[in-house]
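We did not get these values from a lab; they are worked out from the coordinates using the rules stated. On a predicted model such as this, the values are computed, not experimentally measured, just so you know. Counting neighbours? That spans all protein chains shown, and the Cβs are built from the backbone with ideal geometry, glycine included.
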There are 2 protein chains.
Amino acid sequence: MRERTIAFLIFPEITPLDLVGPLQVLKALEGSSDLRTVTVGERIEPIETDLPFRIVPERTLDDVPEPYGIVVPGGLIGPFHAMASDRIMGWLGRAAAKASFVSSVCTGSLVLAALGLLEGKKATTHWSFLPHLARFGATPVKGRWVEDGRVITAAGVSAGIDMALALGARLTNEASAKAAQLILEYEPEPPLGPIAWEGSETLVQGMGAVVAQRLPGILGNKPELLAKFAP
Amino acid sequence: MRERTIAFLIFPEITPLDLVGPLQVLKALEGSSDLRTVTVGERIEPIETDLPFRIVPERTLDDVPEPYGIVVPGGLIGPFHAMASDRIMGWLGRAAAKASFVSSVCTGSLVLAALGLLEGKKATTHWSFLPHLARFGATPVKGRWVEDGRVITAAGVSAGIDMALALGARLTNEASAKAAQLILEYEPEPPLGPIAWEGSETLVQGMGAVVAQRLPGILGNKPELLAKFAP
């Protein structure tokens with residue numbers, strides 16, 4: 001049986017929950033389907049994250065040239081490292097052209113946008129970066145996840161779990177996806193209730209300051225992209 | 001200002017979401033508090049997980065002898081690696097004796113149980129291992145997370161996020177914890193509804209077979225513990 005490989009892209013300073021949420025869901029489907037998950041990076045060596053640990057991808061980009069599907073995680077700074085890398089952007093552009101689905105979590109959608117993959121499409125991202133999507137010709141939609149053809153984008157960080165359950169059900173069947181949900185005991189009880197959106201303006205200012213400080217050093221080689229993220 | 005260090009323990013074959021969920025929550029509180037998150041392992045080198053990537057902890061156990069709080073992740077096989085390691089169990093026993101809180105996600109509670117830390121206490125774990133807690137003198141409770149004094153145990157995998165938000169609010173304040181929730185855009189919408197518990201018996205059989213096959217090779221050095229997990 002031919003396997004359907006789903007490649008999770010890793011680059012410096014990702015937000016690990018963006019990666020691990022959907023990966024843990026789709027990995028749980030391997031036993032009952034032909035899906036196979038893999039992580040890919042430029043090199044098989046430790047890569048910094050925005051948490052106090054490093055991640056070592058399983059394969060190189062060249063090892064997995066034609067995945068069935070792609071998942072791109074985000075982070076406050078991580079996506080700019082991806083955009084700055086011609087090897088990553090080259091692989092993603094070629095792989096996305098042939099893939100049956102291309103998906104992102106959080107600001108991973110900005111990497112897809114930078115490649116032109118969201119042009120004319122509805123898409124979402126972390127709430128704080130929603131306005132940026134329009135600068136790349138996408139129609140920003142506030143939703144837990146947004147599907148437009150073969151492109152599926154999830155909202156911020158934790159939304160990747162919800163997206164992956166929906167995606168997993170579509171790639172296999174609902175019973176298998178519900179078994180994955182059972183394995184992960186995913187029946188959330190957010191202890192503090194719904195999100196307190198009134199804190200968002202302060203948070204955006206703080207995050208914007210970090211991005212403004214670090215971006216020129218990371219994306220200086222791509223002035224046209226740098227301009228899209230200028231404050 | 002003295003920092004309060006929260007040490008996340010890493011050992012082979014953990015379920016990364018057990019670790020990353022609460023770590024991403026508590027890391028987001030660093031900016032507004034004296035909390036500092038760190039990951040610790042036997043060695044600063046790549047460690048296998050149950051996903052297709054390895055994790056490199058930031059520090060060794062010896063680097064962080066007296067953390068303010070401890071978080072122990074789980075996994076189907078991971079906890080048995082922890083129990084088999086005298087270095088890990090020695091560190092955890094000494095650190096837990098002085099810590100202000102000791103917490104676990106999923107089957108991480110079995111590691112606490114093996115150290116006698118749950119004796120006479122109410123505790124929870126992944127639903128599939130709840131009966132095992134009683135063998136260590138704990139009172140198993142089905143709940144998203146369970147607090148008994150300074151011991152806080154979370155249910156399976158994804159429950160670590162809920163536990164960490166509640167814990168984070170207690171360690172700092174509700175406004176800070178709600179800011180972390182906003183950063184992680186944590187307002188879940190499980191696309192397939194509640195958990196389908198009718199699938200649990202089949203799943204337990206499959207998981208039990210894996211544990212029965214691997215356990216003797218991992219925990220053969222601790223026959224008294226091995227017996228507690230015999231089928």
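Tabulated data
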read-out: Environment charge at B:Ala169 (Cβ cut-off 12 Å; Lys +1, Arg +1, Asp -1, Glu -1); value: 0
read-out: Two-site label geometry, B:Glu119 and B:Glu45: point separation in nm, points 7 Å out along Cα→Cβ; value: 3.6
read-out: Rounded if a/c under 1.5, otherwise prolate or oblate - segment B:73-124, Cα gyration tensor axes; value: oblate
read-out: Order of B:Ile77, A:Ile55, A:Ile44 under a 10 Å beta carbon neighbour criterion, fewest first; value: A:Ile44, B:Ile77, A:Ile55
read-out: Shape category assigned to segment B:100-231 from the gyration tensor of Cα positions, a/c cut at 1.5; value: oblate
read-out: Extent along principal axes [Cα atoms of segment A:4-194; Å; largest to smallest]; value: 40, 36, 35
read-out: Virtual spin-label span in nm between B:Arg2 and A:Arg214, 7 Å along Cα→Cβ; value: 3.1
read-out: Calculated [θ] (222 nm, deg cm²/dmol) that DSSP helices of n ≥ 4 give over chain B, each run adding -39,500 (n - 2.57); value: -12000 deg cm²/dmol
read-out: Ranking of A:Lys142, B:Lys178, A:Lys27 by count of other Cβ atoms within 10 Å, fewest first; value: A:Lys142, B:Lys178, A:Lys27
read-out: Neighbour cut-off at most 16 other Cβ (10 Å), DSSP loop, GluC sites (Glu not before Pro), segment A:47-130; value: A:Glu119
read-out: Cα gyration tensor category, rounded, prolate or oblate, for the protein assembly as shown with a/c compared to 1.5; value: prolate
read-out: Under the span-like rule (Cα at least 20 Å along the axis, Kyte-Doolittle mean at least 0.5), DSSP H helices of chain A; value: A:200-219
